[in-house]
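J.: Input: one structure, supplied below.
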Amino acid sequence: GVVAVSTTFTVGTAIGFAVGLLFMRRSIGLPRPRLARDVRVSLARASRGYGLQDILGVMLAKVDVIVLSLLATSTAVGLYGAAYRLLESTFFIGTAVVGAFAAMYTYLGRDTDPSVQTVKLLVVLLLPCAVGFGLLADPAVVLIFGEELEDAAVALRLLAPTVVFMGIVMVGSSLLIARGRLQVLIVGGVAAVVINMGLNVALIPPLDEA
């Protein structure tokens, strides 16, 4: 049930937080419990790009299911939700690549070693997942969710290319932040959210989860 899942997630998150603090204490030390106002303001300004990236990312990823829940049946929401869970299972790959290269994006170029073109690595890692979802959508859905949600394969097949596109968005956003191109990220992110919402409103009534 929802309560059991929420409790498990909360406990797991708390354990992860505690382990993170332990490693931080061993390596660089724990931060002071209180920071001066000028330090807080400086940190807030420096990190606003990451916060904006998270907000736009969540909106881009979740607005579709919200609109779907308002305009379609609960069955359509369930089918799309099942397909989207499989799509989300690949996000850790993009997160790992971004985590490995984010700090270096401030100085990497086309001719440096390694090159700034890490998007090629990401495509290599994500392309098999996208092809697998596209070609094996039916058995994948049945294997993970059971035959009751077999119809979710239609949505998963349509979402398959998004596996690669979302990874490129993650790396591209991180690169823009590292290079101080926040304006580009804001304009592009807001435009993507608006277009996504508009297309959802236009296409969900006739097509449901597809």
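The values are calculated or read from the model by the stated rules, or taken from the named source; none is laboratory data. These figures come from a predicted structure and were not determined experimentally. Positions of Cβ are backbone-derived with ideal geometry, glycine not excepted, and every protein chain shown enters the neighbour counts. To get the accessible areas, we keep the full protein, side chains included, count just its heavy atoms, and leave off ligands, DNA and RNA. Shrake-Rupley method; radii C 1.70, N 1.55, O 1.52, S 1.80 Å.
J.: Which of the residues belonging to the range 134-147 are open to solvent by less than 80 Å² (accessible area, probe 1.4 Å) and either at positive phi or not in a helix (DSSP H, G or I) (or both)?
T.: GLY146
J.: Kindly provide the set of residues from the range 1-60 that are modelled with pLDDT under 85 and of a type outside the set (A, V, I, L, M, F, W, C), ordered by number.
T.: Listed by number, the residues that qualify are PRO31, ARG32, PRO33, ARG34, SER47, ARG48, GLY49, TYR50, GLY51, GLN53, ASP54, GLY57.
J.: Going through the range 81-133 one residue at a time, which ones are touching a residue at least 60 places away in the same chain (Cβ under 8 Å) and in a loop (DSSP other than H, G, I, E, B)?
T.: Within the range 81-133, THR90 is the sole residue that qualifies.
J.: Which residue out of VAL58, VAL65, VAL39, VAL97 is more than 19 Å from ASN196 (Cα to Cα), among the aliphatic types (A, V, I, L, M) and under 17 Å from the mean Cα position of the chain (by Cα)? Even if it seems obvious, please write down each step before you answer.
T.: Working: VAL58 fails: more than 19 Å from ASN196 (Cα to Cα); VAL65 fails: more than 19 Å from ASN196 (Cα to Cα); VAL39 fails: under 17 Å from the mean Cα position of the chain (by Cα).
Result of the check over VAL58, VAL65, VAL39, VAL97: VAL97.
J.: Further, regarding this structure: Name every residue in the range 33-75 that is touching a helix residue (DSSP H, G or I) at 6+ places or on another chain (Cβ under 6 Å) and over 18 Å from SER173 (Cα atoms), in order of residue number. Don't jump to the end; show me each part of the working.
T.: Applying the first criterion (touching a helix residue (DSSP H, G or I) at 6+ places or on another chain (Cβ under 6 Å)) to the range 33-75 yields 49, 53, 56, 59-60, 63-64, 67-69, 71-72.
VAL63, ASP64, VAL67, LEU68, SER69, LEU71, ALA72, listed by residue number.
J.: Which of the residues belonging to the range 19-65 are assigned to a loop (DSSP other than H, G, I, E, B) and either loosely packed, with under 12 Cβ neighbours inside 10 Å or polar (S, T, N, Q) (or both)?
T.: ILE28, GLY29, LEU30, PRO31, ARG32, PRO33, ARG34, ALA36
J.: Among the residues of the range 172-189, how many are open to solvent by 50 Å² or more (accessible area, probe 1.4 Å) and within 15 Å of GLY94 (Cβ to Cβ)?
T.: Going through the range 172-189 one residue at a time, the tally reaches 1.
J.: Among the residues of the range 73-101, which ones are in contact with a Ser or Thr (Cβ under 7 Å, 6 or more places away or on another chain) and open to solvent by 30 Å² or more (accessible area, probe 1.4 Å)?
T.: Listed by number, the residues that qualify are VAL77, PHE101.
J.: Which one is nearest to LEU126 (Cα to Cα) among residues in the range 148-199 that are outside any helix (DSSP H, G or I) and of a type in the set (Gly, Ala, Ser)? Lay out the reasoning, then the answer.
T.: Restricting attention to the range 148-199, the residues satisfying the condition of being outside any helix (DSSP H, G or I) are 150-151, 160-161, 179-181.
So of that shortlist, the ones also of a type in the set (Gly, Ala, Ser) come out as 160, 180.
On the way: ALA160: 10, GLY180: 27 Å.
That would be ALA160.
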